[in-house]
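Report on one structure; see the data block that follows.
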Amino acid sequence: ETGGYYALLKRGGKQIRRSLKTSDHALAKRRLAEFKKQINRLNNSSDLAKVNFREFAKHWLEAASVNLKQKTVARIESCIKGLNPFVGALPVRNVAYRNCEDWMIKRGKNVSASTYKQERRILIAILRTAMRDGIILDNPAENLPTRKIGKPQIFIPEKEQFLQLVQTMRQADIRGHHGANLVELLAHSGMRLGEAINLRWSDVDFKRGCFTVTGGEYGTKNHEARTVPLFPEMRRLLEEIKASVEVDNKSGLITPIKSARTVIKNACKKANLPDFTHHCLRHYFCSNAIEAGIDFKVIAGWLGHKD
């Protein structure tokens, strides 16, 4: 009816029909030849034909996790868990766009844009591997629509606000005091939270005037350690912590807490400050460095940015 050419081929007892999306005979012949090559790459192994998405995803993650941090693996496991009710029991070769669309409609609209984006990305990645292994011809998830993620508003503290935040936290209980130390550690070093909570006394060289950011067990975001100058405020803070009776000599960690989110939130509310977060303090460090006239490339190096 449309005048276009179609390919009709058989592979492993299964009939495969596809539009060649052209009414030009010569072009249709070239596309048919390419389509035949794709069909020939399909693997008709009985084991692969039976493997369901859940099993295939598990195997895929085992292979992928070799080069991933444990936190990333846990995040991917959570994504696969969200996908399994919709495609988990299906043989991989039978996963169709309508199944992916079912996930999008029933789950995608009820989760955040960030979660939707992550699960969509993992679904596409798993099915790409199935294409590579010759289980499927096309990736049905590639055509799933994306969702725009709104950028969170980041409030950068002014110096007076920062001092007020720290003072308010220190007036609270012992956790508030530890929280204030962590807040200052972030603000005076430019480290990410995961890097700061893993900083050890052995990483600090008071003599040479520097400290090394390793990120601990999981490493830094770009998997590279970096050495940063021991800035005056950073030195002052570390010396005060070291002189206190609260130093945890057993673990060697500079801060005994993993987060100050709650105490920051409570202090901001009490002092009538904007909703500052751990990451705001990294921006605070960067802002102060720029004001001090430090070269952007130098700041990027201190922050652990590649660009």
Contour minus Cα-Cα distance for Arg98 and Val111 (0.36 nm per residue): 2.8 nm
Under the rule rounded for a/c under 1.5, else prolate if a/b exceeds b/c, else oblate, using alpha carbon gyration tensor axes a ≥ b ≥ c, region 156-200 is classed as oblate
Model label zone, Asn222; criterion: amide N under 18 Å from point 7 Å along Cα-to-beta-carbon; scope region 172-196: 189-196
Å² per residue, accessible surface of region 204-307 at 1.4 Å: 62
Over all alpha-carbon pairs in region 49-159, figure out the percentage whose distance exceeds 23 Å. 31
Once you've got the Cα coordinates, tell me which of Lys69/Lys117; Lys21/Lys58; Lys269/Lys297; Lys36/Lys106 are over 26 Å apart. Lys21/Lys58; Lys269/Lys297; Lys36/Lys106
On the full set of protein chains, 1.4 Å probe, figure out the accessible area of Thr255 and give it in Å² to the nearest 10. 10
Reachable aspartates and glutamates from Lys148, Cα under 15 Å, same-chain residues fewer than 8 places away excluded? Glu119
Rg(Cα)/(2.2 N^0.38 Å) for region 137-213, N = residue count: 1.75
Karplus couplings for region 106-120 from phi (6.51 cos²θ - 1.76 cosθ + 1.60, θ = phi - 60°), rounded to Hz, Gly and Pro as x? 7, 10, x, 6, 9, 10, 5, 4, 5, 5, 4, 4, 5, 5, 4
Going by a ≥ b ≥ c, the root eigenvalues of the Cα gyration tensor, does region 199-287 fall in the rounded group (a/c under 1.5), the prolate group (a/b larger than b/c) or the oblate group? prolate
Pairwise centroid distance, computed over Cα atoms, of region 51-110 with region 171-220, Å: 36
For q = 0.07, 0.08, 0.12, 0.14 Å⁻¹, what log10 I(q)/I(0) does the chain give under the Debye formula with an equal point scatterer on each alpha carbon and no solvent? -0.46, -0.57, -0.91, -1.07
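The values are calculated or read from the model by the stated rules, or taken from the named source; none is laboratory data. In this text, all values refer to a predicted model and were calculated from it rather than measured experimentally. Glycine also receives a Cβ, built like all others from the backbone with ideal geometry; neighbour counts cover every protein chain displayed. Side chains included, ligands, DNA and RNA excluded: accessible areas come from the protein's heavy atoms. Shrake-Rupley method; radii C 1.70, N 1.55, O 1.52, S 1.80 Å.
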